[in-house]
Every structure is written in structure tokens, then in C-alpha cells.
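Undergrad: Quick one: the structure is below, and I'll ask about it shortly.
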Amino acid sequence: MHTSLRHETLEPSWSVQDIVDLFALPFNDLLLQAQAIHRRHHPANAVQQSSLLSIKTGACPEDCAYCPQSSRYTTDVEQAPLMPLSQVLAAARQAQEAGAQRFCMGAAWRSPTERQLDDVIEHVQAVKALGMETCVTLGMLKPGQAERLKAAGLDYYNHNLDTSREYYGEIIHTRTYDDRLETLQRVRDAGLKVCCGGIVGLGESREVRAGLISALASLNPYPESVPINQLVKVPGTPLADAPDLDPIEFVRTIAVTRIVMPKTVVRLSAGRESMHDSTQALCFMAGANSIFHGERLLTTPNPQADADARLFERLGLVPMPETAQSTSMLS
Ligand code: SAM
Ligand code: DTB
Ligand code: SF4
């Protein structure tokens, strides 16, 4: 494999073909390489835990084909306006007591208005005051909005590329790939940490998965946090009957993500509810070192806390120490 070095950072740059070649390695070779890289950059058995709360649910004008919150599809999701601060704080306290280190708030917006942002800023300040790390995902940001969030004490902004540039038009028509890159640049320029990943199991090919990972690794610098979501098939969405992704291919996707972005925190994100424990174990072996903790993602179920506690116990996994979380990209 011939990877060139980027002048600015001395990080290797990865073409789609380089990544397809990684995907094609014998599984044991791929996992060994991913695990070796993982140990070089992260505590071997520590997993970061984030908690997720939908602060504004449903009625989204966008048409993302996987999403139960789009107003274009008829799903069981109950719409809810922006949640009051008291309710958000109660959820954050509960998540903190349950061991979450970061509290992520998601809103089903195309893009927040300034008034909506005023309210989210209050939420961020209050959660931050509890001593938790904060993350929000609010859709596309207009100039100046990322700076306002940074000034409020926000740590991370989540905005995903979701899939490869080539496949993107099969999934989303209401915002472009370049719109997403523009928001990501605004987030980066404001000094926020970037949480950016994608979703697999959309019926895409391996080359598409490689294209997504190449696009993520090409962000300069690459994201501090990379969520890999496996499609949760929700009745009523266009992807409700998408073919199942082979679990081994999912583990390969995690391993390749770890290899090409060695310092990032790779989140085994949506999809754990329907994933066998042994697949999750292989994902941790392949370099995943973050999960969403708690019974709900935004609108769909996530494993119960006691099931996760048992899995961590069986695997000898421990919560990520605070210092490792904040310094892993610097080492
Ligand atoms: N509305 C905001 C936006 O999309 O810009 C933020 C919230 S959106 C729900 C965040 C991410 O959740 C999406 O980019 C997608 O990767 C993931 N997601 C949404 N629905 C999903 C599903 N059914 N299964 C797995 N992941 C999903
Ligand atoms: C991300 O990449 N995954 C999370 C978070 N960012 C906001 C969301 C997963 C949503 C799964 C579908 C749902 O629960 O509505
Ligand atoms: Fe709206 Fe986000 Fe769902 Fe797309 S993924 S429909 S932008 S909530």
C-alpha cells in the first residue's frame, strides 16, 4: 500500500483504494493491525460513555432516508418541541449518576434559528455546570453560530458525513455533501471539537463504506470523535427493509476506521440494540472505544444499562479516565 504524507500534519493520506485494500485483508490480520494501533494511542481496555437526549423531536424538514424524524415519512415517532431546561437538566443529572461522561443533545432541525440557539446555549451552560462534557447536534450552522456555542462552553459538535460523496444522493436530497463540509469547517474554525462519522447498512457497497472513511480521514485535522452508526431500520422510513449488513463487515468497518484515524475516539454508535454481544466484543477488539449509554438513542432503543454493565464486566472494560479522553488527540 502506498500512502503519501500530508505536508501540514505528517499524517498519511488515505485514498479510497488504500481503504478498500485494508477492508480486503484477512480478518485476523486486519484486527491485529487495528488492535496494535489502538493500543499505541489509547488505554487498551477503556471505553468512553456518552449519553444522548433528543431535545427536539420529529417534524424535521430534511429527507434523510434512514431517519424516523423526517416529516416526510409516517413513523411512530411522537413530535415534541424544544425541551424545557429543567427536563434537560434532570436527564443530564441522571446520565451523570449512571456514569456518562459526556451529554449529547440532538435536535431534529435543518438548521437552528438564532432564537432556538439562545435556548440551546442555556442548556449547554447548565449541563457544563454539572461538570459534564457537552455535545450538540442541531443540523447545519450559519456563520457565527459555532462561535456562539463555543463561547457557551460547548465541547463537541456532531455533524455526520453519513456516507460517501458518490452514494450520498441515494440517501439525502435536501442538503448537499458540501453543505455538510461547510458546517464542519465552521465548527472547526470556531475551535470546537468535531464529532463526525456516518451510517452503514443503507444497502451500500464496501467501496461506499471505504469512500465514507476516506472522506472522514481527509478532514484536516480528522475528527476527534467518529461515530459509526449501523442503520436502525424503522418502519415507515424508505430504508425500513434494507438488507442486513454482515456483522463481520461491520467489524471490518470499525477496524479500518481505527487504522486510518489512530487517535480518534471511535464510537460504536446506533445499532447495538440488535447486535450480538460477541459482535460488540469484536468491535472493541477492532478499536471502538466509545458507546452511547442509556436506554434510548434519540428515538430508538439502546441496550439497557444493566446489560451494558454485564458486557463490560465480561470483557474487563472500564470507563475511560478523564485525562485519557482529553489528551488522546494530543499524544
Ligand atoms: N438533525 C441533525 C442532523 O442530521 O444534522 C442531527 C441529528 S441526526 C439524527 C444524527 C445522525 O444520526 C445522522 O447523521 C445519522 O447518522 C444518525 N441516524 C439517524 N437515524 C438513524 C437510524 N435510523 N439508524 C442509525 N443511525 C441513524
Ligand atoms: C450519531 O452519529 N448517532 C447518534 C448521534 N450522532 C446524534 C444518533 C443515532 C440516532 C439513531 C436513531 C434514533 O434513535 O432516532
Ligand atoms: Fe432531520 Fe437529522 Fe433526521 Fe436528517 S437525520 S431527517 S436532518 S433529524
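The values are calculated or read from the model by the stated rules, or taken from the named source; none is laboratory data. These figures come from a predicted structure and were not determined experimentally. Cβ sites come from the backbone with ideal geometry, for glycine too, and all protein chains shown count toward neighbours. All accessible areas refer to the heavy atoms of the entire protein, side chains included, with ligands and DNA or RNA removed. Shrake-Rupley method; radii C 1.70, N 1.55, O 1.52, S 1.80 Å.
Undergrad: Please find the FRET efficiency linking R296 to D29, where r is the Cβ-Cβ separation and R0 is fixed at 35 Å, and quote it to the nearest 0.05.
TA: Details: r = 37 Å, r/R0 = 1.07.
Efficiency at R0 = 35 Å is approximately 0.40.
Undergrad: Then there's this: Enter the accessible area of F292 (Å², nearest 10), with the probe set to 1.4 Å and all protein chains included.
TA: The accessible area of F292 comes to roughly 20 Å².
Undergrad: Still on this structure, I have one more. How much FRET efficiency would the formula 1/(1 + (r/R0)^6) give for E313 and E97, where r is the Cβ-Cβ distance and R0 is 25 Å, rounded to 0.05?
TA: Result of the calculation: an efficiency of 0.85.
Undergrad: Give me the extension gain from I248 to D178: residue separation times 0.36 nm, minus the current Cα-Cα distance, reported in nm with one decimal. Please list the in-between numbers first.
TA: Details: separation 70, 0.36 × 70 = 25.20 nm, distance 3.13 nm.
Gain on stretching I248 to D178: 22.1 nm.
Undergrad: Projected onto the charge dipole of segment 43-154 (+1 at Lys/Arg Cβ, -1 at Asp/Glu Cβ, origin at the Cα centre), which of Q69, A59, L85 gives the Cα projection farthest towards the positive end?
TA: L85
Undergrad: Still on this structure: Which of the lysines could a cross-linker span from K263 if the Cα-Cα distance has to be under 20 Å and same-chain partners fewer than 8 positions apart are dropped?
TA: Correct list for K263: K193.
Undergrad: For N220 and D241, what is the calculated FRET efficiency with R₀ set at 35 Å and r taken between the beta-carbons, to the nearest 0.05?
TA: On the way: r = 38 Å, r/R0 = 1.08.
Plugging the Cβ-Cβ distance into 1/(1 + (r/R0)^6) gives 0.40.
Undergrad: Still on this model: Based on Cβ point charges of +1 for Lys and Arg and -1 for Asp and Glu, what charge dipole magnitude is obtained for segment 180-321 about its Cα centre, in debye rounded to the nearest 20? Can you show the working numbers first?
TA: Numbers: 15 positive and 15 negative charges, 90 e Å.
The calculated dipole for segment 180-321 is roughly 420 debye.
Undergrad: Still on this structure, please answer the following. Counting only protein chains, not ligands or nucleic acids, how are R188, R272 ordered by accessible area (probe 1.4 Å), most first? Display every interim value, and only then the final one.
TA: Working: R188 50, R272 5 Å².
Output order, biggest surface exposure first: R188, R272.
Undergrad: Now for a different question. How high is the relative contact order of the chain, in percent, counting Cα pairs under 8 Å that sit 6 or more residues apart?
TA: On the way: 620 pairs, mean separation 76.7, N = 331.
Relative contact order, the chain: 23 percent.
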